[in-house]
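Novice: Following this message is one structure expressed as structure tokens.
The values are calculated or read from the model by the stated rules, or taken from the named source; none is laboratory data. Bear in mind that the values here come from a model prediction, so they are computed numbers and not experimental data. No Cβ is skipped: glycine too gets one built from the backbone with ideal geometry, and neighbour counts run over all protein chains shown.
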Amino acid sequence: MTTVLILLCSVAAGVLLGLGMGGGTLLIPVLLLVGVALPGAQTSALIGFLPAAGLAIYLAARQGMIIWPRVWPTLPFTIAGAFLGAWLCERLDPLWIRRCLGVLLAVMAAGCARRVFAKRR
């Protein structure tokens, strides 16, 4: 059952990634719930992200959906942020990272729910 859950969530994470929403947001908590340690869950999500992101970028570029003049200036900062995140991940207690992830997901869910259920004006 655990394997089926992981496979289904992996497919859903790929769909979310293709939609530009970040599949790791779904996959990492599921892997944590089934007992995968945080570093393993993060690494699994990142490894799956690489080919899926490449394909998503290729397809979006083919359809003219990427605004390249807005992408290029942000790229160095995104890469620097990734290095900072990887550096922090090696130094912070995994329990603290898990709690931060939980808070982040709760805040994101509350913000989405607020927009979904807000009255349209």
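Novice: Out of the residues in segment 31-42 that are part of a helix (DSSP H, G or I) and either in contact with a Gly (Cβ under 9 Å, 6 or more places away or on another chain) or modelled with pLDDT of 85 or more (or both), which is nearest to A82 (Cα to Cα)?
Specialist: Step one: of segment 31-42, the residues part of a helix (DSSP H, G or I) are 31-33, 38-42.
This time we only want the ones that are either in contact with a Gly (Cβ under 9 Å, 6 or more places away or on another chain) or modelled with pLDDT of 85 or more (or both), so: 31-33, 40-42.
Values: L31: 21, L32: 21, L33: 25, G40: 17, A41: 16, Q42: 13 Å.
Among residues in segment 31-42 that are part of a helix (DSSP H, G or I) and either in contact with a Gly (Cβ under 9 Å, 6 or more places away or on another chain) or modelled with pLDDT of 85 or more (or both), the one nearest to A82 (Cα to Cα) is Q42.
Novice: On to the next question. Among the candidates A13, A37, single out the residue that is under 12 Å from the mean Cα position of the chain (by Cα) and either touching a residue at least 12 places away in the same chain (Cβ under 8 Å) or loosely packed, with under 10 Cβ neighbours inside 10 Å (or both). I'd like the intermediate steps shown before the answer.
Specialist: Details: A37 fails: under 12 Å from the mean Cα position of the chain (by Cα).
Being under 12 Å from the mean Cα position of the chain (by Cα) and either touching a residue at least 12 places away in the same chain (Cβ under 8 Å) or loosely packed, with under 10 Cβ neighbours inside 10 Å (or both) holds for just one of A13, A37, which is A13.
Novice: Right, next: State all residues of segment 50-65 that are closer than 17 Å to V15 by Cβ and part of a helix (DSSP H, G or I); if no residue qualifies, say none.
Specialist: Within segment 50-65, L50, P51, A52, A53, G54, L55, A56, I57, Y58, L59, A60 qualify.
Novice: Hey, another quick one. For segment 1-23, which positions are modelled with pLDDT of 80 or more and under 25 Å from W87 (Cα atoms)?
Specialist: Hit for segment 1-23 is A13, nothing else.
Novice: Now a separate question. Looking at L19, is it out of contact with any Leu (no Cβ under 6 Å at 6 or more places or on another chain) and surrounded by 13 or more Cβ atoms within 10 Å (Cβ to Cβ)?
Specialist: On the way: out of contact with any Leu (no Cβ under 6 Å at 6 or more places or on another chain): yes; surrounded by 13 or more Cβ atoms within 10 Å (Cβ to Cβ): no.
The answer is no for L19.
Novice: Regarding I79, is this residue at pLDDT 90 or above, assigned to a helix (DSSP H, G or I) and among the β-branched types (V, I, T)?
Specialist: Values: at pLDDT 90 or above: yes; assigned to a helix (DSSP H, G or I): yes; among the β-branched types (V, I, T): yes.
Here the answer is yes, as I79 does meet what is asked.
Novice: I would also like to ask the following. Report the residue count in segment 40-75 for those that are surrounded by 13 or more Cβ atoms within 10 Å (Cβ to Cβ) and either over 24 Å from L26 (Cβ atoms) or among the hydroxyl-bearing types (S, T, Y) (or both).
Specialist: 2
Novice: So, one more: So L16 ticks every box in (1) part of a helix (DSSP H, G or I); (2) in contact with a Ser or Thr (Cβ under 9 Å, 6 or more places away or on another chain); (3) over 19 Å from L104 (Cα atoms) but one. Which box is left unticked?
Specialist: Here L16 meets the rest and fails (3).
Novice: If you scan segment 87-121, which residues turn out to be assigned to a loop (DSSP other than H, G, I, E, B) and farther than 19 Å from G40 by Cα?
Specialist: The initial filter retains those residues of segment 87-121 that are assigned to a loop (DSSP other than H, G, I, E, B), namely 92-93, 118-121.
Hits for segment 87-121 are A118, K119, R120, R121.
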